[in-house]
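**Q** Got a structure for you, questions after.
What follows draws every value from the coordinates through simple rules; no lab data is involved. Everything numeric in this text was worked out from a predicted model, so none of it was measured. Positions of Cβ are generated from backbone atoms using ideal geometry, with glycine treated the same way; all protein chains shown enter the neighbour counts.
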């Protein structure tokens, strides 16, 4: 059996990987090894390792790597700690393939260790562009260190090939997040309200706002603009999920906490978990912030997404996305548009560019049949040949 080691370091990433993990677990040809790290292990992010264990997955290794600092220096030191942990874990597990998703610094650290250990790497969601975040450079760096690529669209496939990867190694499997809508039985409204201990209003918004990591000290100002706009919506239910452990995330934490204390129509959650999060999407009127979920997953339910600032600039976007500047007047205008009957009617027949699901099964099937022998050495594919 092929030993497939999967690394997860955040709640969102695990939500995308869950059905891939299920497929590997059930496969008669694959043996799952699971490494859990990063935010999963921290109480302030909801100790989401408990959700992974509750879903029935055996965790082979836990790698504690995150320092309490959210400065660039602190995050760089966290990467150093992580590199040591991954080097030791991979040396012990000796997988035939490392499977990773996305573009966070925790995953870059795991891939660095695997590269030096001469372990083949498969990367999910490469080829995408997010011009406002360090994720952009990390994502493309992981692509160049990887040997098998699972991308979410034809355009992203072309971009990975443009980076010099051979077309035979690049598979368009669509967006993984869509599988959750297909496979999970979302909560009904009453069950959702009970589970999050919050009574939904006539109008509701789901808010996730992360630091824009290629901008210096803009988090406080941008979050202040957003909260100022939301403060005017006294009769609207406001559901906040906490940001990732990026540089300047703590200032956003505190601002949301202060806002929720002063506004009875708002609630904050360190981690909703996939079932409650996706159920919230089903019942809110719009999603607002700068998370990739609003770009890739939310359009499947034909819900409006208000995308603030440059963090997701460069991604493929459905007609359900409303881009706006991180300024209160622009945000106010976007909220008004998202809640209008005209816009809701316009997006009723919108098409999600990330497909209609089934990506998890495709990944498992491809890995089952993939010959992993002698794939470490790669030729640079010249698109002009």
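**Q** Give the peptides 117-128, 317-328 in descending order of average Cβ contacts within 10 Å, highest first.
**A** Ranking the peptides 117-128, 317-328 by packing returns 117-128, 317-328.
**Q** In region 310-325, which residues have a backbone nitrogen under 18 Å from the label point lying 7 Å from residue 158's Cα in the Cα-to-Cβ direction?
**A** 314-318
**Q** Taking the 0 to 90 degree range and rounding to the nearest ten, how far is the long axis of helix 135-145 tilted relative to the main principal axis of the chain, both from C-alpha atoms?
**A** Roughly 10 degrees, rounded to the nearest 10.
**Q** Further, regarding this structure: Between residue 2 and residue 42, what is the FRET efficiency for a Förster distance of 30 Å, r being their Cβ-Cβ separation, to the nearest 0.05? Can you show the working numbers first?
**A** Working: r = 32 Å, r/R0 = 1.06.
So, using R0 = 30 Å, E works out to roughly 0.40.
**Q** Peptides 138-147, 303-312, 77-86: what's the order by average Cβ count within 10 Å, highest mean first?
**A** Working: 138-147: 20.0, 303-312: 25.6, 77-86: 18.2.
Packing proxy ranking, top to bottom: 303-312, 138-147, 77-86.
**Q** If you take the beta carbon distance between residue 50 and residue 257 as r and set R0 to 25 Å, what does 1/(1 + (r/R0)^6) give as a FRET efficiency, to the nearest 0.05? Walk me through the numbers on the way to the answer.
**A** Values: r = 22 Å, r/R0 = 0.89.
Rounded to the nearest 0.05, the efficiency is 0.65.
**Q** Given region 187-346, report the % of alpha carbon pairs whose separation exceeds 26 Å.
**A** On the way: 2385 of 12720 pairs.
Beyond 26 Å sits 19 percent of the P(r) for region 187-346.
**Q** Between region 115-190 and region 1-48, how far is it from one alpha carbon centroid to the other, in angstrom?
**A** Centre-to-centre (Cα) distance: 16 Å.
**Q** Extending each Cα 7 Å along its Cβ direction at residue 144 and residue 188, get the distance between those two points in nm, one decimal.
**A** With each label placed 7 Å out from Cα toward Cβ, I get 5.4 nm.
**Q** To the nearest 10 degrees, how steep is helix 249-262 against the longest Cα principal axis of the chain, on a 0 to 90 scale?
**A** That helix lies at roughly 30 degrees to the long axis.
**Q** Taking only Cα atoms and a 10 Å spring cutoff, compute GNM fluctuations for the chain and point out the largest among 92, 13, 297.
**A** Checking each option, the largest mean-square fluctuation is seen for 92.
**Q** Whole angstrom only: what separates the Cα centroid of region 317-347 from the Cα centroid of region 78-92?
**A** 43 Å
**Q** For the chain, set up a Gaussian network in which alpha carbons nearer than 10 Å are linked by springs, and say which option among 245, 360, 292 fluctuates the most.
**A** 292
**Q** Also, quick follow-up: Quick one: length gained pulling residue 333 to residue 351 fully straight, 0.36 nm per residue minus the C-alpha distance?
**A** Stretched out fully, the residue 333 to residue 351 stretch lengthens by 4.1 nm.
**Q** What number in nm² do you get for the chain if you take the convex hull of its Cα atoms and divide its surface by four?
**A** 18.2 nm²
**Q** Note down the relative contact order for the chain as a percent, whole number, built from C-alpha pairs under 8 angstrom at least six residues apart.
**A** Normalised by residue count, the contact order of the chain is 18 percent.
**Q** Let me ask something else about it. Please work out the Kirkwood hydrodynamic radius for region 1-137, using every pair of different C-alpha atoms, and report it in angstroms with one decimal place.
**A** 15.2 Å
**Q** Now for a separate question. Give me the angle, in degrees from 0 to 90, between the Cα long axis of helix 105-116 and the longest principal axis of the Cα atoms of the chain, rounded to the nearest 10.
**A** 0 degrees
**Q** Still on this structure, I have one more. For residue 217 paired with residue 25, estimate the spin-label separation in nm (one decimal), with each label point 7 Å from Cα along the Cα-to-Cβ line.
**A** 4.7 nm
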